[in-house]
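Remarks on the structure that follows.
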Amino acid sequence: MRFYHKGLEMDVPDSVYYPREDSLLMAGVLEKEKAENCLEIGCGSGFLSILAAKTSAVTDVTAVDINEKAVEATKKNAKKNNVKLKAFVSDLFSSINDSYDLIVFNSPYLPTQTDDQVSSGKFEDKQWSGGIKVIEKFIQQAKNHLNKNGKILLLISSLTGEKEVLELFHNNNFNVRVIARERVPWEELMVVEAVPDKFKYVV
């Protein structure tokens, strides 16, 4: 499928997450960001990483995804849109050695789904879900890859549990706030901004 946004044109394979309301909400926040370098976890088609490299004041962009086809799509879409970025396979931070000023994650925020629920058609494929467990793992690992004055942008849903996510950040020595919200059918989407608590946070 093709996806278009403000002059960007991307091909999105069936096995890769197609940008939706959540992606667009994050895009609106990301377009205003400035950073020397940026890491996107779960890049999908590469939409947010390409947008950051093309329209934001971000010098160096790295995009990773657990899905090999997503990484391939990101590379092809970056080339199509004349954008330079690094893209490779990584399960969250498993292949990441560097630290970043900005870490972006449009998380698989839906609660974890069972195989029976997926096969019945009641829910989408499990690669789109993970909920609080994936987010907790992300937050714990992100601490080791965020520069001292860096920032995390995390997209979640009211189905994820806003209070639980904010508490996870607080428990890991971050100051956190919700900076964007959008109501869609069945849920409210939120972009959470987290920065290290300088009195507690040690890189």
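Of all residues in region 1-31, how many are touching a residue at least 12 places away in the same chain (Cβ under 8 Å), in a loop (DSSP other than H, G, I, E, B) and either surrounded by fewer than 13 Cβ atoms within 10 Å (Cβ to Cβ) or in contact with a helix residue (DSSP H, G or I) (Cβ under 8 Å, 6 or more places away or on another chain) (or both)?
Adding up the residues that qualify gives 10.
Hey, could you check region 37-55 for residues that are within 21 Å of Phe138 (Cβ to Cβ) and not hydrophobic (A, V, I, L, M, F, W, C) and say which is surrounded by the fewest Cβ atoms within 10 Å (Cβ to Cβ)? I'd like the intermediate steps shown before the answer.
Here is the first cut: in region 37-55, the residues within 21 Å of Phe138 (Cβ to Cβ) are 37-49, 51-52.
Now narrow it down to the ones that are not hydrophobic (A, V, I, L, M, F, W, C): 37, 40, 42, 44-46, 49.
Values: Asn37: 18, Glu40: 30, Gly42: 24, Gly44: 27, Ser45: 26, Gly46: 33, Ser49: 29.
Filtering region 37-55 for residues that are within 21 Å of Phe138 (Cβ to Cβ) and not hydrophobic (A, V, I, L, M, F, W, C), the one surrounded by the fewest Cβ atoms within 10 Å (Cβ to Cβ) comes out as Asn37.
For residues that are crowded, with 22+ Cβ neighbours inside 10 Å, in contact with a strand residue (DSSP E or B) (Cβ under 6 Å, 6 or more places away or on another chain) and more than 20 Å from His5 (Cα to Cα), tally how many sit in region 65-103.
Of the residues in that region, 4 qualify.
Can you list residue pairs whose Cβ atoms sit under 7 Å apart, with the first residue in region 149-162 being at positive phi and the second being outside any strand (DSSP E or B)? Count only pairs 6 or more apart in sequence or on different chains.
Gly161/Ile132
If you go through region 86-100 one residue at a time, do you hit one that is modelled with pLDDT under 95 and touching an Asp or Glu at 6+ places or on another chain (Cβ under 9 Å)?
So far as region 86-100 goes, no, none of its residues is modelled with pLDDT under 95 and touching an Asp or Glu at 6+ places or on another chain (Cβ under 9 Å).
Only one of (1) at pLDDT below 95; (2) crowded, with 19+ Cβ neighbours inside 10 Å; (3) under 22 Å from Arg20 (Cα atoms) is not met by Val58, so which one is it?
The one condition Val58 does not meet is (3).
Any chance you could count how many residues in region 145-161 are closer than 16 Å to Asn171 by Cα, at pLDDT 95 or above and surrounded by fewer than 20 Cβ atoms within 10 Å (Cβ to Cβ)?
Of the residues in region 145-161, 0 are closer than 16 Å to Asn171 by Cα, at pLDDT 95 or above and surrounded by fewer than 20 Cβ atoms within 10 Å (Cβ to Cβ).
Residue check, Lys34 against (1) without any contact (Cβ under 8 Å) to a residue 40 or more places away in the chain; (2) crowded, with 24+ Cβ neighbours inside 10 Å, all met but one. Which one?
(2)
The values are calculated or read from the model by the stated rules, or taken from the named source; none is laboratory data. Bear in mind that the values here come from a model prediction, so they are computed numbers and not experimental data. Please note: Cβ atoms are built from the backbone with ideal geometry, for glycine as well, and neighbour counts cover all protein chains shown.
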